[in-house]
Amino acid sequence: MSQENVEVIRAVNEAWNAGDMDAFREQLDPDVVMYHVKGWPEPGPTVGREACMRFIEQLRDTWDADRIEVIGDYVHAADRVVVRWIWHGLGHGPQANMELTSVNSVRKGKIRSVEFFWDHDEALEAAGLSE
């Protein structure tokens, strides 16, 4: 099951980079919970597929173009997949290169929750993968 969960997260990242937000939406459980990174201007969590999609669309509207660059392995533990990446944003907003790690819980082929961290080690600890 763990490799299948990794493939769900790969697919959602590919959908993001392709701008296919319908495919992205389909990877989310209807009751998904998104926990924002510490210090993010909007308080979290964001609950529900449509609320998460509205939040994401607002984020993406900040730039003319954005993409996710995975900079580490997809690490899995039980129903969680941890991935480190840089979110690049270009265009009318400020140029951004934010390095984040996400801890994604996947159940029955859908993302049930996602938690974002600035600190990779903190993310691994949250997923039960720290030494």
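The values are calculated or read from the model by the stated rules, or taken from the named source; none is laboratory data. Keep in mind that this is a model prediction, so the values were computed, not measured. Cβ placement follows ideal geometry from the backbone for every residue including glycine, while neighbour counts extend to all protein chains displayed.
Annotations for the structure displayed:
- Only one entry in R107, R112 is over 14 Å from the mean Cα position of the chain (by Cα) and not hydrophobic (A, V, I, L, M, F, W, C), namely R107.
- Within segment 62-94, the set of residues being farther than 12 Å from V106 by Cβ and basic (K, R) comprises R67, R84.
- The set of residues in segment 1-39 being over 22 Å from A65 (Cβ atoms) and of a type in the set (D, E, K, R) consists of E4, E7, E26, D29, D31, K38.
- Considering (1) at pLDDT 95 or above; (2) closer than 15 Å to N104 by Cα; (3) among the aliphatic types (A, V, I, L, M); (4) touching a strand residue (DSSP E or B) at 6+ places or on another chain (Cβ under 9 Å), the lone condition that M1 does not fulfil carries the number (1).
- Residues of segment 9-67 classified as charged (D, E, K, R), loosely packed, with under 13 Cβ neighbours inside 10 Å and part of a strand (DSSP E or B), total: 1
- Residue match in segment 117-124 (condition: closer than 19 Å to A11 by Cβ, in contact with a Ser or Thr (Cβ under 8 Å, 6 or more places away or on another chain) and either in a strand (DSSP E or B) or at pLDDT 95 or above (or both)): no
- Taken over segment 103-129, the criterion of being of a type in the set (S, T, N, Q) and without any contact (Cβ under 8 Å) to a residue 40 or more places away in the chain is satisfied by S105 alone.
- Of residues in segment 12-70 being among the polar types (S, T, N, Q) and free of Cβ contacts under 8 Å to residues at least 24 places away in the same chain, the one nearest to E99 (Cα to Cα): Q58
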